[in-house]
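Just below is one structure, and these are the notes that go with it.
The values are calculated or read from the model by the stated rules, or taken from the named source; none is laboratory data. Since this is a predicted model, take the numbers as computed values, not measurements. FYI the Cβ positions are ideal-geometry reconstructions off the backbone, even for glycines, and counts take in every protein chain you see. Just the protein is used for accessible areas: all its heavy atoms, side chains included, with ligands, DNA and RNA removed. Shrake-Rupley method; radii C 1.70, N 1.55, O 1.52, S 1.80 Å.
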Amino acid sequence: MAVYTLPELPYDYAALEPVINPQIIELHHDKHHAAYVKGANDTLEQLEEARDKESWGSINGLEKNLAFHLSGHILHSIYWQNMTGDGGGEPLAADGVGDLADAIAESFGSFAGFKAQLTKAAATTQGSGWGVLAYEPVSGRLIVEQIYDHQGNVGQGSTPILVFDAWEHAFYLQYKNQKVDFIDAMWAVVNWQDVAKRYAATKERSYNLLLAP
């Protein structure tokens, strides 16, 4: 059976300074992300055992655990790639990401409006969660989602292309309880090249989910 593995970071621990310090990157990737990978794999083994024994008493809990750990693994895998020490600013046609820039303007009115909405969504998530820019295939537009924990409150079929981790383990050692300061700082390390590639790929692969006019 296929298992999930922890992806290597595309940069060293200090690459995102001063926005995120090396200690946070190391703990976040090597401990927290690794725990979600292990949790997903452990849950798959437990589900295999349940099938073999036809023992379904814990199925609800196992399915919830799988959604939690697998979504955590997927979101973190996107998160690392979404950042670069040479990032920031806004997507521009001159940088080869004009399609993404146009989609943001069309979906949100302006980059400034989009930035404000995603910042607020990430910074005001109750408890633990994420702010996410996602491609929604029914309308073919970009939307902002406010994800609680790892998998709640998302549109079915939407694909995340830019994620802001708003869990305390992503920032507390450096920003203490000032989540909004961390989210504001995150814009300086956004890898728009990566976001644009994700937008193009998910738009190309998506199917029109409107089965009838």
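Remarks
- Test: Gly127 is on the phi > 0 side of the Ramachandran plot and in contact with a strand residue (DSSP E or B) (Cβ under 9 Å, 6 or more places away or on another chain): yes
- Pair list, Cβ < 8 Å and 6+ apart or interchain, from segment 141-164 residues that are over 10 Å from Gly131 (Cα atoms) and among the charged types (D, E, K, R) to residues that are at pLDDT below 95 and open to solvent by 10 Å² or more (accessible area, probe 1.4 Å): Asp149/Gly127; Asp149/Ser128
- Summed over segment 1-33, residues that are over 22 Å from Thr84 (Cβ atoms) and either touching a residue at least 12 places away in the same chain (Cβ under 8 Å) or open to solvent by less than 30 Å² (accessible area, probe 1.4 Å) (or both) total 4.
- Among the helices (runs of 4 or more DSSP H) confined to segment 48-163, the ones with at least 3 residues that are of a type in the set (Phe, Trp, Tyr) and at pLDDT 95 or above are located at 59-81.
- Condition check for Leu133 on (1) open to solvent by less than 50 Å² (accessible area, probe 1.4 Å); (2) under 18 Å from Asp181 (Cα atoms); (3) among the hydrophobic types (A, V, I, L, M, F, W, C): one failure, at (2).
- In summary, Glu168 fulfils each of the numbered conditions (1) more than 13 Å from Ser71 (Cβ to Cβ); (2) within 11 Å of the chain's Cα centre (by Cα) with the single exception of condition (2).
- Of all the listed residues (Asp165, Asp149), the sole one being surrounded by 20 or more Cβ atoms within 10 Å (Cβ to Cβ) and closer than 27 Å to Pro22 by Cα is Asp165.
- Set Val154, Val180: member being open to solvent by less than 60 Å² (accessible area, probe 1.4 Å) and at negative phi: Val154
- Condition check for Ala121: of a type in the set (A, V, I, L, M) and surrounded by 16 or more Cβ atoms within 10 Å (Cβ to Cβ): yes
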